[in-house]
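Taking it in order: structure first as structure tokens, then the write-up.
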Amino acid sequence: KLAAEFPSEDIVLMTASPVIKAVTNFKQVSKTLEEFEVEEQPSSLLEKRYPNIKVIQSGVKQLKSDEHKIYTDDGKEYIYEKLCLCAGAKPKLIVEGNPYVLGIRDTDSAQAFQKNLAQAERIVVVGNGGIALELVYEIQGCEVIWAIKDKAIGNTFFDAGAAEFLIPKLTAENPGTPIACKRTKYTVEGTDEKERPTAASDKLGSALGPDWHEGLHLKGTKEFAHKVHIEILCEVKKIHLQQEFIQLQQTSLAFPKEEKNVQPDEVLWPVYVELTNGKIYGCNFIVSATGVVPNVEPFLDGNNFAVGEDGGLEVDEHMHTSVPDVYAAGDICTAAWEPSPVWHQMRLWTQARQMGWYAAKCMAADTLGESIDMDFSFELFAHITKFFNYKVVVLGKYNAQGLGSDHELMLRCTKGHEYVKVVMQNGRMMGAVLIGETDLEETFENLILNQMDLSAYGEDLLNPDIDIEDYFD
């Protein structure tokens, strides 16, 4: 966006990764809903397309904002007029430095995971967001103990009702044929295993796209499809290596077949997970899919950034940080402006893309001394994704975020087919979750945006015999 706004200026993209993430197959589904794939491409493609972009492959060691300088790992320094920090976030690991704990956030860690899974008979997955959901669904031939701190799965995206709708898919023996993925993969040349010590996991790769598990062969050693046991309302209390566990003289549990009849485990495992509910399970390794923290480390030292409660760099409505000429966008930033009543920040690909595009517009407007309006994409929270092969659309305050007890929910659910939930407040639609091919996203988007009083329609709003799309056309 910057290169297009300033064709005669030098635009420098500094990245520690040898590939760049490009948005492909972009579709504007409705006013605020966007669907796209994320593809890794060699950075030379970007330089070809925009001759004024130069890609520098190096990590950043230090930012000296008072001198307008960036120092890179390879000892060079660069002077900037305006700077936008888009360094993303890094996985929040349950413990650091344990070889049996894998964090998944980028394509490198996904490959490490796949290698480990090929020899695994049982793994423990900790976390309840998008990546944990996808992972548990995609893994076959391996026992999965899934530890979640909430009552229901997928808590970041759904409520318990939606979780119940999805659960049968987890126990289905044949998960159905996955839809072919049209995205090409670029791997980094010459990064063979021998060159990549496993300890390199602290070198951040770039974040996974929404269909990251496509093309990965996620199969363990066993000949069954899904075997998932969910432990709810618990967290990891302690992780024991095999020797420590033997000294504890505790009993670990076999994979639960029936709820009542829990047997002690006869097998010795490389690592053991003790949960806060008192249960201990042995496994081959643990996947930590417990969310991310903004990657602000290299930038804080010696600079006066205002940092949000979630650890991100605070930005105003023009994506400005508290430091002059420094902007931030995506997972690294915290939106510190007064948000629209139906928008909230969530560290997702869709928002990262919108923020990046808008930050470029703001940098351009500031440089040219023009004023600029808040981008429309921050009017309504809208996200489209896929879970368990269902299309999933979330709009507005889809989990009644911040609405207190002053709201009501309306539901329509056809088992195995669709799940529709709307959040209503004072007769107005505030949010919605749509799972399956409901074709309601555009209608609901408009009803949330124009805040029309719908109290007259009552329950009929979700009546399957009424073509609501037509009605509000």
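Would you calculate a helix-derived [θ] at 222 nm for the chain, using -39,500 (n - 2.57) for each DSSP H run of n ≥ 4 and dividing by the full residue count, to the nearest 500?
Counting only the DSSP helices, I get -5500 deg cm²/dmol.
Apply the Debye scattering formula to region 382-471, with a single equal point scatterer on each alpha-carbon and no solvent, then give log10 I(q)/I(0) at q = 0.19, 0.26 Å⁻¹. Computed log10 I(q)/I(0) values: -0.85, -1.54. Which GluC sites (Glu not before Pro) in region 1-67 pass both tests, a DSSP loop state and at most 16 other beta-carbon atoms within 10 Å? Hits after loop and neighbour filter: Glu9.
Over the chain, average the accessible area per residue using a 1.4 Å probe and give it in Å², no decimals.
Values: 23570 Å² over 473 residues.
Averaged over the residues of the chain, the accessible area is 50 Å².
Here the gap between Ser405 and Phe376, fully extended at 0.36 nm per residue and compared with their Cα-Cα distance, gives a gain of 7.6 nm. Measuring between alpha carbons in the structure, the pairs from Lys227/Lys257; Lys151/Lys391; Lys386/Lys421; Lys257/Lys279; Lys54/Lys90; Lys31/Lys397 lying more than 21 angstrom apart are Lys151/Lys391; Lys54/Lys90.
Calculate, in nm to one decimal, what Glu96 and Thr156 gain on full extension: separation in residues at 0.36 nm each, minus their alpha carbon distance.
Full extension from Glu96 to Thr156 adds 19.2 nm.
Leaving out ligands, DNA and RNA, and with a 1.4 Å probe, what % of the accessible surface on region 335-473 is carbon or sulfur? Ligands and nucleic acids excluded, carbon and sulfur reach 46 percent.
Measuring nothing but how far apart in sequence close Cα pairs (under 8 Å, 6+ apart) lie, relative to its length, the chain scores a relative contact order of 16 percent.
Most tightly packed first, judged by the mean number of other beta-carbon atoms within 10 Å of their residues, the peptides 412-422, 137-147 read 137-147, 412-422. Shown for region 56-171: the carbon plus sulfur share of the solvent-accessible area, taken with all protein chains present and a 1.4 angstrom probe, equals 49%.
What is the sum of charges around Pro341, taking Lys and Arg as +1, Asp and Glu as -1, for the other residues whose C-beta is under 12 Å from the C-beta of Pro341?
For residues surrounding Pro341, the net value is 0.
Quick one: pull the percentage of alpha-carbon pairs in region 329-412 with a separation above 18 Å. The share of Cα pairs beyond 18 Å in region 329-412 comes to 54 percent.
What is the distance in Å between the Cα centres of region 17-77 and region 248-306? Centre-to-centre distance over Cα atoms comes out at 34 Å. Note that region 328-335 has calculated 3J(HN,Hα) couplings of 8, 8, x, 4, 6, 9, 10, 5 Hz, one per residue in order, obtained from phi through the Karplus relation 6.51 cos²θ - 1.76 cosθ + 1.60 (θ = phi - 60°); glycine and proline are x.
One Cα centroid belongs to region 356-409, the other to region 440-454; the line between them spans 15 Å.
Applying 0.36 nm per residue to the separation of Ser44 and Asn277 and subtracting their alpha-carbon distance, the gain on full extension is 78.7 nm. Summary value for region 382-471: 25 percent relative contact order, contacts being C-alpha pairs under 8 angstrom separated by 6+ residues. With the gyration tensor restricted to C-alpha atoms of the chain, the semi-axes of the equivalent ellipsoid amount to 37, 33, 20 Å, longest first. Spin-label model, Asn25/Asn389: points 7 Å from Cα along the beta carbon direction are separated by 1.7 nm.
Which order do you get for Trp269, Trp349 if you rank them by accessible area with a 1.4 Å probe, largest at the top? Before the final figure, lay out the partial values.
Values: Trp269 15, Trp349 70 Å².
Heavy-atom accessible area, descending, gives Trp349, Trp269.
Taking label positions 7 Å along the Cα-Cβ direction at both Ser8 and Ala365, the computed distance is 2.4 nm, reported to one decimal.
Computed with a 1.4 Å probe on the full set of protein chains, the accessible area for Ser44 sits at about 50 Å².
The values are calculated or read from the model by the stated rules, or taken from the named source; none is laboratory data. Just so it is clear, the structure is predicted and the values come from calculations on it, not from any experiment. FYI the Cβ positions are ideal-geometry reconstructions off the backbone, even for glycines, and counts take in every protein chain you see. When the accessible area is computed, the model is the full protein with side chains, heavy atoms only, and any ligands, DNA or RNA have been set aside. Shrake-Rupley method; radii C 1.70, N 1.55, O 1.52, S 1.80 Å.
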